[in-house]
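Okay, so here's the structure we're looking at.
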Amino acid sequence: MEFLILVFITSFFLVLLATPSLIKVAVLKRLFDAPTESRKIHDRLIPTIGGIIIFAGTLFSFSLWFPTRLLHEPVAALKATDDYKYIVCTLLVMFFVGIKDDIIGTAPVKKLIAHMMVSMILVLMADIRIVSMHGIFGVDILPYWASIFLSLFTYVVVVNAFNLIDGVDGLASGIGFIASSAFGAWFAFAGDAVMACLAFALAGSLFAFLIFNFAPAKIFLGDSGSLTIGLIICVLAIKLISYDVSTIQNQFILKVSKPIFAMSVLVYPLMDTLRIFIYRSVKGLSPFSADRNHLHHRLLDIGFSHRKTAVVLYMVNILIIALSLSLTYINANLAFIIVGATTLFLVLLPYLIKIQKNRQQKHE
């Protein structure tokens with residue numbers, strides 16, 4: 001698995017060296033994020049096409065170092081080749097939908113159609129789907145129809161979740177880096193060279209991009225970037241949940257609950273998306289409408305800077321991942337409850353702080 005270092009370095013340096021040129025092109029062509037809407041939190045023009053370099057760096061490194069020589073078994077080699085084909089095809093669709101939205105805009109209905117088409121290709125053709133919940137709430141092997149619908153739902157939710165959290169400098173790219181690194185490490189220990197290669201190709205791209213995207217950002221991911229990240233992360237998560245444990249030799253990896261680990265890695269985008277959808281539905285608004293009620297907005301409202309907001313949410317994500325790894329010796333249902341309760345408490349903290357500040361201001 002030493003080649004994974006080369007995978008990471010390749011995508012890292014490609015993005016590091018190419019991003020300044022991309023910024024110059026975006027400035028010349030006026031491909032900016034104009035701060036005209038009330039929910040915008042920037043007062044300057046910033047290029048929005050960072051997804052181009054994320055897509056290029058990840059795909060280049062993944063293709064260049066695709067571990068063909070490590071796939072000795074014909075069945076494994078055939079499956080890996082099929083995975084590569086379908087992943088690249090669906091990435092192309094998501095990327096072009098995103099880049100069109102970044103430059104001239106895309107109707108929500110058309111974006112939803114693209115999401116459904118991509119998810120159906122991955123679920124029905126590539127057979128990358130959730131087949132078991134591994135005992136969580138007493139659910140083990142899923143019926144075929146339930147597996148299909150749950151997998152389609154998961155793709156749409158996770159991909160959109162990364163799109164929704166892209167509201168603070170470095171947030172979506174940093175969470176994407178943490179998630180891809182965590183999944184990459186899991187696949188490396190499990191012995192899956194292909195998925196580890198994909199994960200570290202994305203991690204290298206995002207780590208380099210953070211140099212330009214962390215506050216104060218010089219370039220944004222745009223929809224092309226967040227959709228690319230969301231799709232790759234979702235593929236990695238579903239492949240992990242459905243992984244055949246009989247091929248794993250690492251004892252610690254065997255003891256880790258795969259669904260709980262995957263949900264812990266994705267805890268921030270999933271929790272924030274679920275919370276915001278419930279909030280909008282209760283208010284009678286469209287779940288897809290834009291507002292300033294995301295968790296990162298709440299942190300900004302209580303006085304956190306972009307840098308501090310991003311770092312705090314990074315730490316929350318890492319804390320929940322570490323918590324899930326520490327619960328390997330207890331019942332999966334209890335572990336799920338502990339992780340969920342801890343996440344809920346952390347999510348509510350900004351609201352409690354805001355309420356306390358408001359009370360202090362009234363007394364003053």
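Tell me, what is the percent relative contact order of the range 3-363, built from C-alpha pairs under 8 Å that lie six or more residues apart? Please list the in-between numbers first.
Details: 500 pairs, mean separation 80.1, N = 361.
Computed over the range 3-363, the figure is 22 percent.
Structure shown: which of Lys110/Lys258; Lys283/Lys308; Lys79/Lys258; Lys255/Lys308; Lys218/Lys283; Lys111/Lys258 lie over 25 Å apart, alpha-carbon to alpha-carbon?
As for pairs spanning more than 25 Å Cα to Cα, those are Lys110/Lys258; Lys283/Lys308; Lys255/Lys308; Lys218/Lys283; Lys111/Lys258.
Span-like helices, the chain: DSSP H, alpha-carbon axial extent 24 Å or more, mean Kyte-Doolittle -0.5 or greater, which ones? Mind dumping the intermediate values first?
On the way: long enough: 3-28 (38 Å, 2.43); 74-103 (43 Å, 0.85); 144-164 (30 Å, 1.52); 171-190 (28 Å, 1.52); 193-213 (29 Å, 2.17); 222-241 (29 Å, 1.76); 306-326 (30 Å, 1.34); 332-363 (46 Å, 0.58).
Answer set is 3-28, 74-103, 144-164, 171-190, 193-213, 222-241, 306-326, 332-363.
Pull up all non-local amide H partners of Ser132: gap of 5 or more, or a different chain, and H-to-H distance under 5 Å with H placed in the peptide plane.
Distant-sequence amide H within range of Ser132: Leu142.
Among Ala80, Val131, Ala182, whose Cα lies farthest out toward the positive end of the dipole of the range 3-363, if unit charges sit on the beta carbon of Lys, Arg (+1) and Asp, Glu (-1)?
After comparing all options, I get Ala182.
According to a simple spin-label model (label point 7 Å from Cα along Cα-to-Cβ), what is the distance in nm between Leu334 and Val139?
Distance between the two pseudo-spin positions: 2.3 nm.
Amide H to amide H under 5 Å from Ile46: which residues, 5+ apart in sequence or cross-chain, H placed 1.01 Å off N in plane?
Placed amide hydrogens put Asp33 under 5 Å from Ile46.
I want to make sure I understand the PRE zone here: with the label point 7 angstrom from the Cα of Thr81 toward its beta carbon, which residues in the range 119-135 have backbone N atoms less than 20 Å away?
What the label zone holds, given the 20 Å backbone N cut-off, is 122, 125-128.
For the ranges 315-323, 142-150, 6-14, what's the packing order if you count other beta-carbon atoms within 10 Å of each residue, average per peptide, and put the highest first? Don't skip to the answer; put the middle values down first.
Values: 315-323: 17.1, 142-150: 13.9, 6-14: 21.0.
Top to bottom by mean Cβ count within 10 Å: 6-14, 315-323, 142-150.
Using alpha carbons only, how many angstrom separate the centre of the range 49-67 from the centre of the range 119-149?
28
For Cα extents along the principal axes in Å, the listed values are (i) 59, 52, 40; (ii) 68, 51, 37; (iii) 54, 43, 35; which was obtained by calculation from the structure presented?
Working out Cα extents along the principal axes in Å from the coordinates points to (ii).
We did not get these values from a lab; they are worked out from the coordinates using the rules stated. Keep in mind the model is a prediction, meaning the values are calculated, not measured. FYI the Cβ positions are ideal-geometry reconstructions off the backbone, even for glycines, and counts take in every protein chain you see.
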